[in-house]
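Since the structure comes first, as structure tokens, the remarks are kept for the end.
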Amino acid sequence: MSEGDSFFRFCGNSSIFNSSLLLDNSWPQFTECFQNSLLVWVPCAWLWLTLPFYLAYLCSLPPGSVIPVNLLNTLKSFGCVLLALLAGLELLSMQSDNEVEGVTLADVMYVSGVIKIVTFLLACILVQGERRKGIITSGILWIFWAMLFIAGIIPFYSKIIQKDYDKQLFRFSLYYVYYALIIVQVVMHSFAERLIRHGYDLVGEKPSPEVMASFPSRLTFWWINGLVMRAYRRGLKEEDLFELHPRDKSSTIIPQFQSAWEKELRNAKYKNRERVRQEERMHHYVSYSHSPSNPRHMQEGEVGETTSLLTNGANISKKADDRDDAKNKKVAQASLFKVLVKTFGADILKAWFCKLLYDGLQFVNPQLLDVLIAYTNNKANEAEWKGYVYACAFFVVAVAGSIFFHQQFHIGMTTGMRIKSACISAVYKKSLTMTNEARKGSTVGEIVNLMSVDCQRLQDMTGYLWMVWSCPLQIVLALTLLWGQLGASVLAGVAIMILLIPLNAFLAFKSRQYQKEQMTLKDHRLKLMNEVLSGMKVLKLYAWEPSFQDKVSEIRNEELVVLTKAAYLNAFSTFAWTVAPFMVTLATFATYVLASESHYLDAQKAFVSLSLFNILRFPINLLPMIISFLAQAQVSVVRVGDFLRNEDLDDTNVDYNKDAASAVSIIHGSFTWDNQVALPTLRKIDLDIPDGKLVAVVGQVGTGKSSLVSAILGEMEKVEGRVVVKSRIAYVPQQAWIQNATLRDNILFGKEYNRHKYEAVIDACALRTDLDILSGGDMTEIGEKGINLSGGQKQRVSLARAVYNDADIYLLDDPLSAVDSHVGKHIFQEVVGPKGLLRNKTRVLVTHGVHWLPMVDEIVVMANGMISEMGSYEQLLSHNGDFAQFLKTYLTQNKDKDDDDDPEIQAIKAQILERVDSVTSDTGASSGEEVSTSARKRKLSSESSKPGLKRSISKTDTVKGKQKDRPPQAKDKLVEDETSKTGRVQWSVFMVYFRAIGLTVTVAIFSLYAAYQGLSVYSSIWLSQWTDDDLLANTTLSNTTAYQDRNAMYLGVYGGLGVGQAVMVLSYSILASTRMVKAAGSLHESMLSNIMRSPMSFFDTTPSGRIVNRFSSDVAVVDNTLPQSLRQAVTQVFGVLSTFIVISYSTPIFLSVIIPLGLLYFLVQRFYIPTSRQLKRLESTTRSPIFNHFSETITGSASIRAYKVESRFIDENKCKVDKNLVFYFSGIASNRWLGFRLEFLGNFVVLAAAMFAVVTPDLEGGLVGLSVSYAMQVTAGLNWLVRMASELETNVVSVERLKEYSETPTESEWVVPGRRPPGDWPADGSINFVNYSVRYRPGLDLVLKGVNCHILGGEKVGIVGRTGAGKSSMTVGLFRLIESATGSIVIDRHTIDNMGLHDLRSRLTILPQDPVLFSGSLRMNLDPFDQYSDNQIWTALEHAHLKKFVQDNRAKLMYEVGEGGSNLSVGQRQLVCLARSLLRKTKILVLDEATAAVDMETDDLIQQTIRTEFKDSTVVTIAHRLNTIMDYDKIMVLDQGEIKEYDAPKKLLENKNSAFYSMAKDANLV
């Protein structure tokens, strides 16, 4: 007996399928066996087959919130039980009826009945199991119920048509009750359970609506409705958004990624360990000997602190580089790509599975078109229901395809988002931990570029990775089906596609090449831009903006050249891939018509083939995009991977041992900054610092003092020896690091606020008066890099942070050099000294102030990178060692400034031991300068009477009032939050872009594409006429001349239309691509020009990260994304118009559907675009803080590591990234919301076109094919149209943002042609302030009030006053960095307000407080305009005491300065600034606390040079150390913006009630 017979009997003598019963019938009738078996078994099989996997998933879930028993889950369970009972009742009823009738019930009924009962009970158990596990919605159960619902439709109509109610009313009724319960279950499972969130920590946080959404809501993106409605009604604000989905949060992703990356690194190290060791033995270029028997080849005395940095990478021998390259080729590296695949591969595969199903469904529609055309051609002989089923099938297949397509995109894009989050976090973490040597290869700008561009690119690429396999698959499937339609003729089309492969390869190669070039240039541009923004004040003071603007423009122009090449490549690519599908179609049809026996192309073959070619067009068009995408992605993966593979600081550099005998000990230590330099920076260091001691570190410039502190922190690479640190460290760097936060937050630095402790620290660090001056007190926001604090204030805040931190060991790198003398005394006594807050702590104080040395426990003397001496003050002065020489040099330098016959000086030179009193008497004058011989005598005699070294320091008159907590006021906020505009993007923004392209050219671009689209439409209409031609339909005439001529005519015109399309598309592509590059260049240039002309107030209130974001992300959008969006928007607009024209031409009744559909489309896009636009704006504004925070972190990385707060900063970065991703996630979710709804409406267009084809009588097959094939395109076309319109609007936001910074208020003109001063101006150098008042920004108080004073030409004037008195305001006013509110400044009879800023600034010289240098050659830093000869520059370097330093370097004047002058010490940087001043050597020199942050030796060098080189110039000095201005002609004392005293110092000192006398007394100068 055959299996078929047994199954026939199993089904009660019914076959499972009968095609004639189904197809040759007036209604779609299925067999009883089919209804009782497959329609029951398939849905139940789904539940049972997925059960093991689902149970495993449920068991893997951690214990969560149990959903309480509620109405919904109770009804679900009750419904399942009821259905099981109904199934049992139905079985009993059938058994009973059959017994009455004496008929045996078929076995299939028993089997299906039992299966249903057991499956419904299983569903009941799963409902309760999900409730226990906190599952709010179940896709498995929803699909099960939906399948039962769909399967039930066939029995539903069959029972009615067959009138079962006449024969078996009870069973008939029972089935409809059963089916109604199935529908109820589908509805109930379409709602999610309510999850109760426990814990107070979640109060106020809105959970992601996706988490709370049901399965169908997730399929249709219904859960984002609330956000879209809110955006439409009242716009979106940050607070309207919700938290990220838990799966997307950094806290979920980063541990997984980090674990995989660390494992990959370990694997790479494991593989390479032996190989690397062997190569190091053979090729190690530089080695440090650990044995005394292996003498060094360099004299140790030849190397100073900065030697390690002098090579700067440029001088590393080629031999070493070549060897490194060879080694890199052999040694395996950790692969970022592998890690990304391991971490995120499963999610990507999930998305790809959805895409695979979508691709399969795509090819169903051409088959449906085939049967629909066949149906319309043979309508008279076909059952009417078939046409409606075919039409509905188009709709059902399309909706299913939409679901899979959008799920694929949603999963892919959110996975990309997670990849971006992981990569940004990894880059951020690496930037905190990488070695100083590695950091030299990556500037802040380059790393920001990694985060803003490369990580973003990885995110974008992930959502489209499916193109790699999906496009080839679609091509293969399409060609297979085409073969079935046209046979071997399709090979002609394949031949053309094969010919395109070499073109493909060429495009891929060039695209990758241009991509690399562009990214390299972009890195350079952003690096320079970052430096320009950091040093903007210096650029303005020197009038150097044009030079640096030209440098940025030069790099930008190189970038535009690459972009133009890429544009031509892109134009050719667009031409090739737009024309390719038509050429393939033409070649195939021509071959078929000429080669087939009938020579006839009928409508079925033509339009089914055309619909397949349309499907084929998509993957072929995507091929160049794939190439570009993969090239970009590969470049980005390599760049991020290379960065992440940088070496980290070695944790073993410092051993932390709480049981150590000493607080800090270094045993036989050698340390280096650069492995390429043969000799370590620090050598033979043996240091032991006991608990609770105060140790001073002294030495000349470049001897390694700061490096010693860095070695204790573990910042330097340890070559040999051991560093042991007992407990927690607090660190005060030489250059204070200030965060963009409130002053209080800067001090607390993450610690809890303790009012009593905080107030004590404020007073001890002399910040009380500053808090009274600041408008918001300690809640005043401090600008980026402490822009609104003076150097002294910054250093005191930095010190206060350390003191508040309450560590055990304090490393203080010269914190007192930047503060006023009297404040220095106060801080030493209240904080550092034996009676200070830190008296019981271990303190290491690097200092240049010799007056502190008698009060320290031990002194460490550094010389040539080694500790030359150690001991107490007395011990070191007991012999003529390095320390004694150090003091001797110090006093010898003072000899020139004092009377040579001074007996005290002679006595001190004779007896070093008696030098204690003279040094300690010099509290106020760090440099050791004295006012006069008599002053020195007075001080020596008074101090000699004091017992030993226990000197008393007078307290500063700090106001002792308690700081009241007060909320920050509006005007206290220095850095305004970045604004994001609301509402529609103004048409004017589009016009800005179109004008940048050129209005005429824009019209031409649109016209050319319209012409192309017109030719394309006509070619399709021509094809329908061809296939419906009556002569050609008569194939018996195929061999006649008339027949062949008609075919040739149709073919020729069809080919000619193709050539016309090719010409139009090529013209359009070249014009659009090249002019959009020009537009990008124009917009960048406009913004750059405006930024360079912006006043300093703009930079004070705008974080550089925000500006860099415009120059990186927004410029990248205008360079690459916006042109693509505009081209695609144009394509879709004309494509959709042409589709409606064709369908209306084919079936005019379709016009009745266009209006309601058009209205629906309009409504959907009206809802969507405000959401998308606002989310894009908010996403842009939340991106800037990531880069600001990052730049800030890089600058303060040493402090962050010293305080061991890396994890807190990493967490802050995660929070900022998560906040940004909330907006991005909402954006992609709203995209999917739009896409699904548009496609759903588009599917109605297909349904309408198919239905009208069915109901319209006597419609030609060609017109049906034309109408429906175009309708199938409209779904995607309309979807892309609205999306591209939206994307165009969201991307044009970048133009809006560039436009915003192109229109910010600017300074006055740089040059005013009619008001230029004479060429020799100022010849005299006289300065006259006439009733001069000034404020920093509108709305703020005046900082100078009615100042009147006259400075004669050649006079030396010192300006003194407390912090906030207005000293610096005098200088910024003189240079017009801020404009006067009232009054004027007159220089040599010329009012400066009337002339151009550059005419003014270029004729004055300033030596600023912060020595700002730029990366580039030393020569460029001195003379960016190339105005001076090399001889003049060498002379300036000689007078600035830098000639030897530069000559000793191989590169000489072309020596490469690191970013911010990182490879020079602070003193050397200030000397370079001095050399700048000497080159200009104008009649007016301004010193803005120029020596505040340098050691006494550099201070002496600068003061000597100024006295000799500027002896005929007017010198205005903002004094930090009073002793430096005691020999000046005049002293100006400022207080609260007014001149209190202005006279010769001698006269001011004679008046013991004068403010200046009080200051001099505080400084122990009188």
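Limited to region 313-360, what total is found for residues that are among the polar types (S, T, N, Q), in a helix (DSSP H, G or I) and modelled with pLDDT of 85 or more? Outline the logic, then answer.
Going through region 313-360, the residues among the polar types (S, T, N, Q) turn out to be 315, 317, 328, 333, 335, 343.
Add one more test, that the residue is in a helix (DSSP H, G or I), and what stays is 328, 343.
The next check asks that each one be modelled with pLDDT of 85 or more; those that pass are 343.
The qualifying residues number 1.
Determine which member of the set TYR600, TYR568, TYR592 is part of a helix (DSSP H, G or I) and either open to solvent by 30 Å² or more (accessible area, probe 1.4 Å) or among the charged types (D, E, K, R) (or both).
Result of the check over TYR600, TYR568, TYR592: TYR568.
Among (1) farther than 28 Å from LEU372 by Cβ; (2) crowded, with 19+ Cβ neighbours inside 10 Å; (3) polar (S, T, N, Q), which single condition is GLN474 missing?
Failed condition: (1).
Hey, does region 1119-1127 have a residue that's among the hydrophobic types (A, V, I, L, M, F, W, C), over 24 Å from ALA1072 (Cβ atoms), open to solvent by less than 10 Å² (accessible area, probe 1.4 Å) and in contact (Cβ under 8 Å) with a residue 40 or more places away in the chain?
no
Residue-wise test of (1) among the hydroxyl-bearing types (Ser, Thr, Tyr); (2) in contact with a Cys (Cβ under 7 Å, 6 or more places away or on another chain); (3) in a helix (DSSP H, G or I); (4) open to solvent by 40 Å² or more (accessible area, probe 1.4 Å).
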| residue | (1), (2), (3), (4) |
| --- | --- |
| LEU1163 | no, no, yes, yes |
| THR1181 | yes, no, yes, no |
| ARG1201 | no, no, yes, no |
| ILE1210 | no, no, yes, no |
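Can you tell which of TYR232, TYR165 is over 29 Å from the mean Cα position of the chain (by Cα) and among the hydroxyl-bearing types (Ser, Thr, Tyr)?
One residue alone meets the criteria, TYR165.
Can you go through SER6, SER14 and tell me which one is more than 25 Å from PHE170 (Cα to Cα), at pLDDT below 80 and polar (S, T, N, Q)?
The unique qualifying residue is SER6.
Can you spot a residue in region 674-686 that is under 23 Å from TYR810 (Cβ atoms) and under 28 Å from the mean Cα position of the chain (by Cα)?
No, region 674-686 has no match at all.
Look through VAL1330, VAL1295 and report the one residue that is at pLDDT 85 or above and open to solvent by 40 Å² or more (accessible area, probe 1.4 Å).
Numbers: VAL1295 fails: open to solvent by 40 Å² or more (accessible area, probe 1.4 Å).
From the options VAL1330, VAL1295, the qualifying one is VAL1330.
Hey, SER727 hits all of (1) at pLDDT 90 or above; (2) open to solvent by 10 Å² or more (accessible area, probe 1.4 Å); (3) more than 33 Å from the chain's Cα centre (by Cα) but one; which does it fall short on?
(1)
Being modelled with pLDDT of 85 or more, β-branched (Val, Ile, Thr) and under 15 Å from SER1286 (Cβ atoms): is that true of ILE1228 here?
Spelling it out, ILE1228 is indeed modelled with pLDDT of 85 or more, β-branched (Val, Ile, Thr) and under 15 Å from SER1286 (Cβ atoms).
Here is a list of conditions, (1) more than 30 Å from ASP650 (Cβ to Cβ); (2) touching a His at 6+ places or on another chain (Cβ under 9 Å); (3) not small (Gly, Ala, Ser), and ILE498 meets all of them except one; can you say which number that is?
Failed condition: (2).
What do you reckon, is VAL42 of a type outside the set (S, T, N, Q), exposed (fewer than 14 other Cβ atoms within 10 Å of the Cβ), outside any loop (DSSP other than H, G, I, E, B) and in contact (Cβ under 8 Å) with a residue 12 or more places away in the chain?
yes
Would you mind listing the strands (runs of 3 or more DSSP E) fully within region 802-879 where at least 1 residues are under 21 Å from LYS757 (Cα atoms)?
Answer list for region 802-879: 809-813, 842-846.
Within region 1377-1416, can you find the residues that are open to solvent by 10 Å² or more (accessible area, probe 1.4 Å), under 23 Å from GLY1319 (Cα atoms) and among the charged types (D, E, K, R)?
Once the filter is applied, which keeps residues that are open to solvent by 10 Å² or more (accessible area, probe 1.4 Å), under 23 Å from GLY1319 (Cα atoms) and among the charged types (D, E, K, R), region 1377-1416 yields ARG1389, ASP1393, ARG1403.
Of the numbered conditions (1) modelled with pLDDT of 85 or more; (2) open to solvent by 60 Å² or more (accessible area, probe 1.4 Å), PHE994 satisfies every one except a single condition; which is it?
All conditions are met except number (2).
May I ask you to list the residues in region 606-653 that are of a type in the set (Val, Ile, Thr), more than 22 Å from the chain's Cα centre (by Cα) and open to solvent by 50 Å² or more (accessible area, probe 1.4 Å)?
THR652
Exactly one of these conditions fails for ARG683: (1) open to solvent by 40 Å² or more (accessible area, probe 1.4 Å); (2) closer than 28 Å to GLY881 by Cβ; (3) charged (D, E, K, R). Give me its number.
The one condition ARG683 does not meet is (1).
Restricting to region 654-666, give me the number of residues that are open to solvent by less than 20 Å² (accessible area, probe 1.4 Å) and either without any contact (Cβ under 8 Å) to a residue 12 or more places away in the chain or of a type in the set (Phe, Trp, Tyr) (or both).
0
Go through (1) at pLDDT below 85; (2) charged (D, E, K, R); (3) over 25 Å from ARG1201 (Cα atoms) one by one and return the number of the condition GLU759 breaks.
Result: GLU759 fails condition (1) only.
I'd like to check something: does region 1096-1115 contain any residue that is at pLDDT 85 or above, within 18 Å of the chain's Cα centre (by Cα) and open to solvent by 10 Å² or more (accessible area, probe 1.4 Å)?
No: region 1096-1115 contains no residue that is at pLDDT 85 or above, within 18 Å of the chain's Cα centre (by Cα) and open to solvent by 10 Å² or more (accessible area, probe 1.4 Å).
Working only within region 758-789, note down all residues that are open to solvent by 20 Å² or more (accessible area, probe 1.4 Å) and either closer than 23 Å to GLY1196 by Cβ or of a type in the set (Gly, Ala, Ser) (or both).
ALA760, LEU774, SER775, MET779, GLU781, GLU784, LYS785, ILE787, ASN788
Given LEU1015, LEU1051, which one is hydrophobic (A, V, I, L, M, F, W, C), modelled with pLDDT of 85 or more, open to solvent by 40 Å² or more (accessible area, probe 1.4 Å) and within 23 Å of THR578 (Cβ to Cβ)?
Result: LEU1015 is the single residue among LEU1015, LEU1051 that is hydrophobic (A, V, I, L, M, F, W, C), modelled with pLDDT of 85 or more, open to solvent by 40 Å² or more (accessible area, probe 1.4 Å) and within 23 Å of THR578 (Cβ to Cβ).
So, restricting to strands (runs of 3 or more DSSP E) that lie completely within region 1346-1461, which ones have at least 1 residues that are of a type in the set (Phe, Trp, Tyr), free of Cβ contacts under 8 Å to residues at least 60 places away in the same chain and closer than 17 Å to ILE1327 by Cα?
No strands (runs of 3 or more DSSP E) qualify here.
Residue pairs, Cβ under 7 Å, 6 or more apart or interchain, first in region 842-868 and under 17 Å from LEU811 (Cβ atoms) and open to solvent by less than 10 Å² (accessible area, probe 1.4 Å), second of a type in the set (Asp, Glu) and in a strand (DSSP E or B). List them.
Filtered contacts from region 842-868: VAL846/ASP813.
Test TYR390 against the criterion of being open to solvent by 40 Å² or more (accessible area, probe 1.4 Å), hydroxyl-bearing (Ser, Thr, Tyr) and in contact with a helix residue (DSSP H, G or I) (Cβ under 6 Å, 6 or more places away or on another chain), and give yes or no.
Here the answer is yes, as TYR390 does meet what is asked.
The values are calculated or read from the model by the stated rules, or taken from the named source; none is laboratory data. Quick caveat: nothing in here was measured; it's all calculated off a predicted structure. For neighbour counting, all protein chains shown are included, and Cβ atoms are generated from backbone atoms with ideal geometry for every residue, glycine included. For the accessible areas, the whole protein counts, side chains as well, though only heavy atoms, and no ligand, DNA or RNA atoms are used. Shrake-Rupley method; radii C 1.70, N 1.55, O 1.52, S 1.80 Å.
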